[in-house]
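> There's a structure below that I have some questions on.
Throughout, read-outs are computed from the coordinates displayed, never taken from laboratory work. Bear in mind that the values here come from a model prediction, so they are computed numbers and not experimental data. Cβ coordinates were reconstructed from backbone atoms using ideal geometry, including for glycine residues, and neighbour counts include every protein chain displayed.
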Amino acid sequence: MTPFLTVITGSAIWFGLAILLLDVFESSLEEAHGTHASVALIAATAVLAGWQAAVAWGLAGVILAVVAQRSYRGSFTALLVVRLSVVTVAGIVVVLAGPAIGAVPLILMAAGAAVLTETVGMAVRQAISDGLPAVYVLASAVQQRALLLAAQVCLAALTVVLYGSMHAWALLPVLALFVLTSQSYSMLLDIRRTYRTTLMVLVEAAEAAKPDKAGHSERVAAIAHSISARCGLRGRDIERVGFAALLHDIGEIADEWPDNQAGTRSAASVVEHVGFLSDVLPVLAIIDGIPDPSGEQPSERDLLAAYVVALASDIDGTVRDDLDEGVTEAAALAPLVPARVKARVVAAALRNGYPVPAID
Amino acid sequence: MNDARRPFEILAFVAALLGALALAGSWMALPPALTIEFYLLLVAAVVSENYAVMMPGYSFSIVYPLTMATVVLCGPTPALLVAALTSTGLGEFRERNWPLVGYNFGQLTLSTFLTGWTYVLLGGRVLVLQGTALSVAELPRMLAPLGAAAVISVIANIALASVGVAVKSSQPLLPVLESVSRVLWGQLALGIAGFVIAQVMALEVWAFALFVFPLLIARQFYQSFTAMQDAYTDTIRSLVGALEAKDPYTRGHSERVAEYSVLLARSAGRDGGFVSRLENAALLHDLGKLALPGALLRKTQKLDDDDWATIRSHPEIGGRMVARIPAVSVLAPAVEAHHERLNGTGYPRGLAADSISLEARMLAIADSYDAMTSDRPYRPGLEKEAAVAELRRCSEAELDAGLVETFVGALENAPAAPLRSLRDALEEEPA
């Protein structure tokens, strides 16, 4: 029986259904939370049932996901190309390395190649839509998902190990584990998004009371995110730049009351009791010009984040034509920040096409 | 010795004694040599027990599937050893909480004893002894011993855990049993996972890592998730408090409304999920007011129609904002309706009676009470008695009369202490 015919017979049917099930599960998650768990199973199918079967079921998975019209809406072509690349790469690994090595090293290679191909494909797609260098997006995606990708490769290998004695029954525990890891990852991303949105909504509410400030922090956060991605920041570094940008004016916003005798508070003092922002406080303190109480010099990492936020704020002022040339935020920070850091941030802003105000 | 603790100490002693007897009685069935599979499972169980992830009403630990795996792979007595050696985390030892250590030991060894011998007596094959994994042809014959062992294990664990909790906290057994039983399906699924671990290790010992690694990753994600989820209400409280602080007349208002709402919901017998939701809604109920011009909020002259129209827009603005936050978006209708009144005279929509949700009716009472007892630019705050009288007057047409009485009763029974202490005291009560 040729490998292609196995598509409609025996265990290949169950592998196909399992891939479809994972894609349906995937379509129930937010697009940004996609874990592409079915890719590892496609690689396992390529090893166990032949690569043509993997192509067939991979395509069927794509089509079903597109029909579901949830997480993949508007990206059918991109996903089709990526999924075809995945099965092709897994198939090439199987054909070239299959005869030479055992089943488990083979599945580790095939699944590794498959999830990496999917990650690269999705990173390229995101880079094109966001106008960012693909290498930065890819590095960020790998850093953020390394553990999840490793778990998926393990599960693909587990499928092959169990298949020898359990045949298609092996898919039951493996599917459960795929769903468990993907679901827990998605829940984590959900709660992180909740924190970001909560912060954004609160700042927006506070800014709304001051017409001249409305929307400033959110715009600065978007500009700062773009610059920090171009600077090569990733993961939590890029996230805390976003939080610092959202909050950089919160002290001023929160002290609107005219008979406030204490003067304007610093942004750091407003959010000092918020646990998940503890690593953002040093950045806010630098922006507000508050020295570290212990006398320590700020780290270059914090200075870079602070300078990105300050420059982003000045850029927003320039675009909106309300920048006070005499006291730009970046200029106020300039004496603290090493020249190479300033050059890196300014170059990133210019490469992103922002109108950078006059630079010292 | 504290008399209140004595029943649990006696129970723990009896459980530990029975557990030790179960272990001693099974000792003859210990294989002559323990295999690498046993030691791997033991180490994994010890590590897992000490790094369990606590979720609301659920502890995410993989000790249970690991003892199931040991039953199937090595037999009942090695499984009893794993259970006995991992029954209690290091935390309880450090705290010298001996009754808890004893009860945990008794609970896990007894449930493992019943599970292991059920599996063997019903014809379950111990995989390591015969040196092969289960084949597909064997699976149907093994379903009875595997299924019975999993069911016995879940029943024994849930029953023993419920008895322990009920005696320790002096609560009736049935509600505790009902609460603990919520983990039933999850425990059954973990039992199946235990069988898969055994099967994997019988095929390839090293493949154990392929199974455990994804479980550990899932555990890591859950741990981060629960940590952030637990801190979420405190985060909203800090941020809203910081933003409200600009106005001396509303400083602390949302936090106080949250405290009153929690007091009311608990007194009305609502469950923990409802209370938590209402607390978040209360913290966010005046979000729309933050967006109003400060000059309007601190105006001491009579407000004109335009001023009132602007102020009356704040529940809608707040509702729209809350609707954008994924975890609390379900609270948006309550935030939007917290100024609605039962007789239809409220705003923004003029809803009446049953059209106003329970959450919104509770928020209205808590909000009104705090507004009455707080100072305003144009009047000082009312005393508690006067505010209660005003609440009762309003309950004739505007507020929910039953809830108002529950709230007043709760206020009168609450200790005269600062609000934070009041809340802490409530949290110390058994759920």
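> Could you give the longest part of chain B that holds none of the trypsin sites (Lys or Arg not before Pro) found in DSSP loops with at most 14 neighbouring Cβ atoms within 10 Å?
Between the exposed loop sites, the longest stretch runs B:97-301.
> Per residue of region A:106-122, in order, report the coupling 6.51 cos²θ - 1.76 cosθ + 1.60 (Karplus, θ = phi - 60°) as ³J(HN,Hα) in whole Hz, putting x for Gly and Pro.
Rounded to whole hertz, the list is 5, 5, 4, 5, 5, 5, x, 5, 5, 5, 5, 4, 4, 5, 4, x, 5.
> Going by how many other Cβ atoms sit within 10 Å of their own, how do A:283, A:161 line up, fewest first?
Least crowded to most crowded, the residues run A:161, A:283.
> Arrange A:231, B:394, B:74 by Cβ neighbour counts within 10 Å, fewest through most, would you?
B:394, A:231, B:74
> Sum -39500 (n - 2.57) across every DSSP H segment of at least 4 residues in the protein assembly as shown, then divide by the residue count to get the 222 nm mean residue ellipticity, nearest 500.
Calculated mean residue ellipticity at 222 nm is -22500 deg cm²/dmol.
> Under 5 Å between amide hydrogens, which residues at least 5 positions from residue B:376 or on another chain qualify, with H placed 1.01 Å from N in the peptide plane?
Correct list: B:381.
> Moving on. Residue farthest toward the positive end of the dipole of chain B, with Cβ of Lys/Arg at +1 and Asp/Glu at -1: which of B:280, B:158, B:371?
B:158
> Further, regarding this structure: Compute the separation of the alpha-carbon centres of region B:280-314 and region B:162-227 and state it in Å as a whole number.
Rounded to whole Å, the Cα centres lie 49 Å apart.
> Provide A:160, A:81 in ascending order of the number of other Cβ atoms located within 10 Å of each residue's Cβ, fewest first.
Least crowded to most crowded, the residues run A:81, A:160.
> May I pose another question? Sequence neighbours fewer than 8 away in the same chain don't count; with that in mind, list the lysines whose C-alpha is under 23 Å from residue A:213.
B:246, B:289, B:299
> Taking the Cα centre as origin and putting +1 on Lys and Arg beta-carbons and -1 on Asp and Glu beta-carbons, what dipole magnitude results for the protein assembly as shown, to the nearest 20 debye?
Around 2420 debye, computed over the protein assembly as shown.
> Right, something else. Under 5 Å between amide H atoms, partner at least 5 residues away or on a different chain: which partners does residue B:35 have, H built in plane at 1.01 Å?
For residue B:35, whose amide H was placed from the backbone, there are no distant partners under 5 Å.
> Under a point-charge model restricted to the Cβ atoms of Lys and Arg (+1) and Asp and Glu (-1), what is the dipole moment magnitude of region A:114-198 relative to its Cα centre, in debye to the nearest 20?
Roughly 180 debye, rounded to the nearest 20.
> Using θ = phi - 60° and the Karplus relation 6.51 cos²θ - 1.76 cosθ + 1.60, list the HN-Hα couplings for region B:276-281 in order, rounded to whole Hz, with x at every Gly or Pro.
Once rounded to whole Hz, the list reads 5, 4, 5, 4, 5, 4.
> Rounded, prolate or oblate, given the Cα gyration tensor of region B:111-259, with a/c below 1.5 counting as rounded?
oblate
> Cα gyration tensor of the protein assembly as shown, axes a ≥ b ≥ c as square roots of the eigenvalues: rounded (a/c below 1.5), prolate (a/b > b/c) or oblate? Don't skip to the answer; put the middle values down first.
Values: a/c = 2.12, a/b = 1.30, b/c = 1.63.
Cα axes put the protein assembly as shown in the oblate bin.
> Then there is this: Any idea what angle helix B:98-121 forms with the longest principal axis of chain B, computed on alpha-carbon atoms, 0 to 90 degrees, nearest 10?
Taking Cα atoms only, the helix is inclined about 50 degrees.
> About its Cα centre, what dipole magnitude does chain B give when the only charges are +1 on Lys and Arg Cβ and -1 on Asp and Glu Cβ, stated in debye to the nearest 20?
Numbers: 33 positive and 42 negative charges, 147 e Å.
So the dipole magnitude of chain B works out to roughly 700 debye.
> For region B:383-392, take each phi angle, set θ = phi - 60°, evaluate the Karplus expression 6.51 cos²θ - 1.76 cosθ + 1.60, and give the result in whole Hz per residue in order, putting x for glycine and proline.
These are the phi-based 3J(HN,Hα) values: 6, 4, 5, 5, 5, 5, 4, 5, 4, 5 Hz.
> Which shape class, rounded, prolate or oblate, goes with region A:269-314 when its Cα gyration tensor gives a ≥ b ≥ c as root eigenvalues, a/c under 1.5 marks rounded, and past that a/b bigger than b/c marks prolate? Kindly include the intermediate steps, with their values, before the conclusion.
Values: a/c = 1.71, a/b = 1.18, b/c = 1.45.
Oblate is the answer for region A:269-314, as a/c is 1.5 or above yet b/c matches or exceeds a/b.
> In addition: Using DSSP loop states and a limit of at most 13 other Cβ atoms within 10 Å to flag GluC sites (Glu not before Pro), what is the longest stretch of chain B containing no flagged site?
B:139-382
> Follow-up. For the pairs A:210/B:302; A:210/B:384; B:168/B:384, flag any whose C-alpha to C-alpha distance is greater than 27 Å.
A:210/B:384; B:168/B:384
> Scanning chain B for chymotrypsin sites (Phe, Trp or Tyr not before Pro) in DSSP loops with at most 16 other Cβ atoms within 10 Å, what's the longest stretch left with none?
B:52-248
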